[in-house]
Amino acid sequence: MKKVLVKILLSLSIGLAALSTSNAHAAGLESINLVPKMTSNTAPSGEAFASSSIGGQAYMLFDQVNTSYDYDWATTAQLPAYVGYDFKENAVVTKYTLSPTDSDTYVNGIPKTWTFQGWDGTQWIDLDKQQDQINWKRGENREFAIINSKSYSKYRLYITADNGRTGGYTCIGELQLFGYKEPITPDIPEMGNRAILTVTMITGLEKEFDLSMDEVLAFINWYDAKDAGSGPSKYAIDKHNNNKGPFSNRKDYVIFNKILTFEVSEYSTK
């Protein structure tokens, strides 16, 4: 009966662990807006960056608010220019969206030709190229799906032309990155190669043995067999390093019907 309970608990633990891993993986694959509502270039997480900024900083691309050019990212530097987001961890982007500044005067500052790139730790990898994206309207939001299953720590728009640069400004209202964070594979602990077997007798006395897992499994097999009605009524457990005195070996015999419960605490010597 005790062993049945142990098996049930172990099954539940393994089942819950597998379910947890499966759910985490499924959640990780859900395509969502990966960038949080940014309140500065580094808050609340990650880092928005740009080759240069004037008026609005890079994070204003990701603040989920599209207002006039003074509050969106803009640059007056000569093209090419770039702007992007560093996750500080791996993420898979499968689409991105772009909106012009919410201003009739500066709507033509939106990029016309660009390359969407991911950083692999060594170099920028081209993931998508767009040319002649023209006739943008105020309030418009264009979506660009990309075929990508690789994770990168940061992404950027590398801009080589805009739609007119009114007043000398290249500017973007909002940039959103959609995809999923790279699922984290949990470290599955190895089964210990040794264990502390604690046997509690019906008198309340606890007997503790430092054994190999093979010895522990042999004890459990004896207990199961006796619980089913077969096998000897006593079991000899080698005391190993607890062998005190001039003896070649010492064994502690435990009697089946005197055992109240037992506990196995695994550990590894690797």
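Coordinate-derived values only; no laboratory data. If you're wondering where the values come from, they're calculated on a predicted model, not measured in any experiment. As a convention, Cβ positions derive from the backbone with ideal geometry for all residues, glycine included, and neighbour counts pool all protein chains shown.
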Cα→Cβ-extended label distance, 7 Å offset, between D214 and A43, nm: 6.1
Residue-span extension gain [S265 to S52] - 0.36 nm each, minus C-alpha spacing: 70.8 nm
Aspartates and glutamates with Cα under 18 Å of K207, excluding same-chain neighbours fewer than 8 positions away: E215, D238, D252, E263, E266
Cut-off under 5 Å, modelled amide H: who pairs with K181 long-range: V92
Local electrostatic count at W136 - Lys and Arg +1, Asp and Glu -1, tallied over other residues with Cβ under 14 Å: -3
Protection-proxy order for peptides 227-238, 160-171, each taking the mean of Cβ atoms within 10 Å per residue, highest first: 160-171, 227-238
Global size of the stretch 27-181 as Cα Rg and Dmax, reported in angstrom: 14.2, 45
K150 paired with F247, simple spin-label distance in nm, labels 7 Å along Cα-to-beta-carbon: 6.6
Restraint check, K226/K258; K129/K150; K37/K129; K88/K112; K37/K154, Cα-Cα greater than 21 Å: K37/K129; K88/K112
Between the stretch 137-181 and the stretch 32-63, the Cα center-to-center distance that results, in Å: 13
Segments 51-61, 86-96 sorted - mean Cβ within 10 Å per residue, highest first: 51-61, 86-96
Where labels lie 7 Å past Cα in the beta-carbon direction, separation of T160 and L205 in nm: 8.6
Spin-label zone in the stretch 202-241 - amide nitrogen under 15 Å from a point set 7 Å from the Cα of F256 along the C-beta vector: 219-236
